[in-house]
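Asks: Sharing a structure with you now.
The values are calculated or read from the model by the stated rules, or taken from the named source; none is laboratory data. Quantities reported herein were computed from a predicted structural model and do not represent experimental measurements. Note: ideal-geometry Cβ built from the backbone for every residue, glycine included; neighbour counts use all protein chains shown. Side chains are part of the model used for accessible areas, which takes the heavy atoms of the whole protein and leaves out ligands, DNA and RNA. Shrake-Rupley method; radii C 1.70, N 1.55, O 1.52, S 1.80 Å.
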Amino acid sequence: NSVAAQAMSIHGFVIPADYAPVADMLRELRMPPFDAAPEFSFYDVWPQYRWQAVFSLLAAGLILLLSLRLLISNRKLKATHHSALQQKQQLEESEQRYRLLFSNNPLPMFILAEDNLGFLEVNERAIEHYGFTREEFSRMTLYDIRAVECVLELKRAISSLPGGKVLIEARQKKKDGTVIDVAINATPIKCGTTPAWIALMQDITGRRAMQRKMAEQLAFIKAVVNAEVNALSVCYGIDELP
């Protein structure tokens, strides 16, 4: 009813049309005033995508944790593998030393089961010295090559030093029946999981024969000295005459 409205022949207003589809079309086509991307901040994103962001962070943390655990496991595996290689190398070196000290030893050597003194292993020198094959030794015990009178001596020596070192002298038989004197140096070991003895045999037949001969000579001298004789002549060689 104002003067201006009457002068413009305006009688009033109605509800305007909905221009939202037009705005959406302009926004989709990137036309003015929507030709430039609007500026937005974290506070614009968070209210709309907060749950997706939380789940993404949790997933990233889980992946990082699993990756860290995998890295640690790989390092432990590498360390274990390296340790296994070192143990394998040490075992090979130990095997080589065993072969040098046992298989190639110039003296006869046996590995004997602790319970019955059965032959578990013999070196080449033992096979050569005693005359038995490796298969024959595998079916025998130490008692099979001992002179009968020395079996009890061996039993007493082993029982008196359970788990300790044994060093005795005894008599043994070769395959051809020859009786020899030996010095036995035995030490307890583990053959795998089996309690065993590793024994070194030294043939002292010549030394024992010399000792017996010296003992006989000494006994003879004592007998002569103790005998009731009237005179004792001392004879010199020609080169020793004054």
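Asks: Would you confirm, using the coordinates I've provided, whether Phe102 is in contact (Cβ under 8 Å) with a residue 60 or more places away in the chain, part of a helix (DSSP H, G or I) and open to solvent by less than 80 Å² (accessible area, probe 1.4 Å)? Explain how you work it out, then say what you get.
Replies: Values: in contact (Cβ under 8 Å) with a residue 60 or more places away in the chain: yes; part of a helix (DSSP H, G or I): yes; open to solvent by less than 80 Å² (accessible area, probe 1.4 Å): yes.
The answer is yes for Phe102.
Asks: Something else about it: Looking at Ser160, is it among the polar types (S, T, N, Q), under 20 Å from Gly118 (Cα atoms), exposed (fewer than 15 other Cβ atoms within 10 Å of the Cβ) and modelled with pLDDT under 80?
Replies: Values: among the polar types (S, T, N, Q): yes; under 20 Å from Gly118 (Cα atoms): yes; exposed (fewer than 15 other Cβ atoms within 10 Å of the Cβ): yes; modelled with pLDDT under 80: yes.
Judged against the criteria, Ser160 is a match.
Asks: Tell me the residue from His129, His82 that is touching a residue at least 40 places away in the same chain (Cβ under 8 Å) and either outside any strand (DSSP E or B) or in contact with an Asp or Glu (Cβ under 6 Å, 6 or more places away or on another chain) (or both), please.
Replies: Working: His82 fails: touching a residue at least 40 places away in the same chain (Cβ under 8 Å).
Result of the check over His129, His82: His129.
Asks: Restricting the first residue to the range 50-75 and requiring it to be modelled with pLDDT under 90, which pairs with a second residue that is surrounded by 10 or more Cβ atoms within 10 Å (Cβ to Cβ) meet a Cβ separation below 8 Å and a spacing of at least six or different chains?
Replies: Ala53/Val45; Ala53/Trp46
Quick grid of which residues meet (1) open to solvent by less than 100 Å² (accessible area, probe 1.4 Å); (2) of a type in the set (Lys, Arg):
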residue	(1), (2)
Ser41	yes, no
Asp44	yes, no
Ala53	yes, no
Leu57	no, no
Ala60	yes, no
Ile72	yes, no
Lys88	no, yes
